[in-house]
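Below: the structure, in structure tokens.
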Ligand code: GH3
Ligand code: MG
Ligand code: MG
Ligand code: MG
């Protein structure tokens, strides 16, 4: 099934960008000349929160820790190379995305060009015009917020595209796109790989007897219990309506059988609270197990065998594990 952009939740980013004035940012001004920062900082403070760092050696540390929207770096630092600071800020994970506005002396073109090559976003020449300083700072902050916003949106879209909204587990698409890789890794490392297919017993009658919302509660709680019973390297997904798949790298059939049995008991042994805790209902599940049998086997075959085992578990009376 194709997922629409509406489901993925991509928002038109223009809205907030238009509303953003670029004011109210957090700025770190790195400047070791009192005559300079004593003039610039008060100007910037009319629109932003400004920290001044006069010790260039500590500037990078502060920039990385301070969660700034903009770094303003004086290239004419006396005790430190401002360009080196810019270049370090560009290579550091925490500061890579923070825009840099350089302030340069008009007679030092070479340094300015180096700065732009290193990744300085914009510059001002001394003597600095106050309004120009404010305008350029606002522009950089606005851009920064806009790209942050885009990045968040992309991040969210990716999350949503691989996550099942009801349970928070991975969805089928994600599992299917990773199963091949996991199987290849297992084959090439000579390690086992186990897969279990789980299906809630008589789920339709839970919906029928207690309502669809109660059914949803059961699915959510089931996902919680699945998470508790697997390891970090295991991959759990909601495969379909009330059907789930767990892929277990480095796990043989014997161990997978123990995990499955423990999970089956944790479901059958503890009633599920539904309808805001007003009702508790008994739930059981059936589980079909399979493992990667031969190197290079198609993962579809592994899934198929788990499905057949699950079918047998149902036929044999449900609430059981079949391999
Ligand atoms: P069996 O023991 O053979 O698995 O029986 P069953 O009733 O669990 O299986 P069946 O496939 O007949 O019914 C599955 C039901 O799950 C039908 C469908 O309406 C319901 N279902 C699917 N997705 C959801 C969901 O997201 N929420 C709820 N509440 N119900 C769902
Ligand atoms: Mg069914
Ligand atoms: Mg079922
Ligand atoms: Mg089913």
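Being within 16 Å of ligand 4 (Cβ to nearest atom) and under 19 Å from residue 274 (Cα atoms), is that true of even one residue in the stretch 183-196? Show your work before the answer.
At the first step, the residues of the stretch 183-196 found to be within 16 Å of ligand 4 (Cβ to nearest atom) are 196.
In the following step, the residues that additionally are under 19 Å from residue 274 (Cα atoms) were identified as none.
Checked against the condition, which is being within 16 Å of ligand 4 (Cβ to nearest atom) and under 19 Å from residue 274 (Cα atoms), the stretch 183-196 yields no hits at all.
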Inset, instruction - For the stretch 223-239, state whether one or more residues are farther than 23 Å from residue 172 by Cβ, over 21 Å from the mean Cα position of the chain (by Cα) and touching a residue at least 24 places away in the same chain (Cβ under 8 Å). - result: no
Inset, instruction - Would you mind finding the one in 255, 259, 247 that is touching a strand residue (DSSP E or B) at 6+ places or on another chain (Cβ under 6 Å), within 19 Å of residue 288 (Cα to Cα) and away from ligand 3 (no atom under 16 Å from the Cβ)? - result: 247
Legend entry - Meets criteria (surrounded by 14 or more Cβ atoms within 10 Å (Cβ to Cβ), over 30 Å from residue 295 (Cβ atoms) and within 27 Å of the chain's Cα centre (by Cα)) for residue 218: yes
Legend entry - Test: residue in the stretch 301-318 that is part of a loop (DSSP other than H, G, I, E, B), touching a strand residue (DSSP E or B) at 6+ places or on another chain (Cβ under 8 Å) and closer than 24 Å to residue 168 by Cα: no
Inset, instruction - Can you give me the number of residues within the stretch 263-283 that are exposed (fewer than 15 other Cβ atoms within 10 Å of the Cβ) and part of a loop (DSSP other than H, G, I, E, B)? - result: 8
Legend entry - Residue that is farthest from ligand 1 (Cβ to nearest atom), among those in the stretch 257-277 that are more than 18 Å from residue 319 (Cα to Cα) and modelled with pLDDT of 95 or more: 273
Legend entry - Count - residues of the stretch 240-256 that are surrounded by fewer than 16 Cβ atoms within 10 Å (Cβ to Cβ), within 16 Å of ligand 1 (Cβ to nearest atom) and touching a residue at least 60 places away in the same chain (Cβ under 8 Å): 1
Legend entry - residue 214 more than 16 Å from ligand 2 (Cβ to nearest atom), on the phi < 0 side of the Ramachandran plot, touching a helix residue (DSSP H, G or I) at 6+ places or on another chain (Cβ under 8 Å) and in contact (Cβ under 8 Å) with a residue 40 or more places away in the chain: yes
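The values are calculated or read from the model by the stated rules, or taken from the named source; none is laboratory data. Remember, it's a predicted structure, so these values are computed and weren't measured experimentally. Counting neighbours? That spans all protein chains shown, and the Cβs are built from the backbone with ideal geometry, glycine included.
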